[in-house]
Amino acid sequence: MAEETIFSKIIRQEIPTPLLYQDELVTAFRDIAPRASTHILIIPNTLIPTVNDVTEADELTLGRMITVAKKLAAEEGIDENGYRLIMNCNDHGGQEVYHIHMHLLGGKPLGPMLAV
Ligand code: 5GP
């Protein structure tokens with residue numbers, strides 16, 4: 001059994017964090033340390049520690065994460081100029097919170113995909 005992270009507490013609102021979206025599958029809220037004027041995290045309501053732990057049973061949830069990202073990008077007014085969706089996995093991917101999440105980043109030109 002994977003250990004819960006702070007994100008499970010945010011989903012349950014045990015740590016009060018304004019939610020931008022929540023349904024039976026996913027939850028979205030702003031990143032606490034935004035790297036762009038729009039920086040939103042979209043996460044599954046069930047704990048999946050890393051992308052390596054995703055199974056076929058999660059496909060509906062992962063698809064929902066994308067459709068919610070699209071909806072929130074439109075609400076933020078960044079859909080036409082564009083944005084970036086990122087999922088980090090494990091150490092080399094720079095993952096800090098082991099509850100998978102999609103970063104939705106935008107509101108300015110984001111530059112090259114990787115800092116090298
Ligand atoms: P990762 O590096 O795992 O892909 O990204 C984790 C993200 O979660 C980071 O951008 C970090 O700022 C954000 N984060 C960590 N703890 C909290 C929290 O308690 N609240 C919110 N809103 N974001 C958090």
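In table form, for the structure just shown:
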{"quantity": "Filter result for the condition that a residue is of a type in the set (D, E, K, R) and not in a helix (DSSP H, G or I), over Lys108, Lys70", "calculated": "Lys108"}
{"quantity": "Those residues of the stretch 17-35 which are part of a loop (DSSP other than H, G, I, E, B) and within 11 Å of the ligand (Cβ to nearest atom), in sequence order", "calculated": "Thr17, Pro18, Asp31, Ile32, Ala33, Pro34, Arg35"}
{"quantity": "Answer residue from the stretch 6-16, given it is in contact (Cβ under 8 Å) with a residue 24 or more places away in the chain and more than 8 Å from the ligand (Cβ to nearest atom) and is least open to solvent (accessible area, probe 1.4 Å) among those", "calculated": "Ser8"}
{"quantity": "Residue count, the stretch 50-70 (criterion: over 13 Å from the mean Cα position of the chain (by Cα) and surrounded by 15 or more Cβ atoms within 10 Å (Cβ to Cβ))", "calculated": "2"}
{"quantity": "Residue ID - farthest from Leu20 (Cα to Cα), chosen from residues in the stretch 86-116 that are of a type in the set (A, V, I, L, M, F, W, C) and open to solvent by less than 70 Å² (accessible area, probe 1.4 Å)", "calculated": "Cys89"}
{"quantity": "The lone exception for Ile78 - which of (1) within 16 Å of the ligand (Cβ to nearest atom); (2) open to solvent by less than 70 Å² (accessible area, probe 1.4 Å); (3) not in a helix (DSSP H, G or I) it fails", "calculated": "(1)"}
{"quantity": "Unmet criterion (only one of (1) hydrophobic (A, V, I, L, M, F, W, C); (2) closer than 19 Å to Met113 by Cβ; (3) part of a helix (DSSP H, G or I)) for Ala57", "calculated": "(2)"}
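The values are calculated or read from the model by the stated rules, or taken from the named source; none is laboratory data. Computed from a predicted structure; not experimentally measured. Heads up, the Cβs are rebuilt from the backbone with ideal geometry, glycines too, and the neighbour counts pull from every protein chain shown. The accessibility values were calculated without ligands, DNA or RNA, using every heavy atom of the protein model including side chains. Shrake-Rupley method; radii C 1.70, N 1.55, O 1.52, S 1.80 Å.
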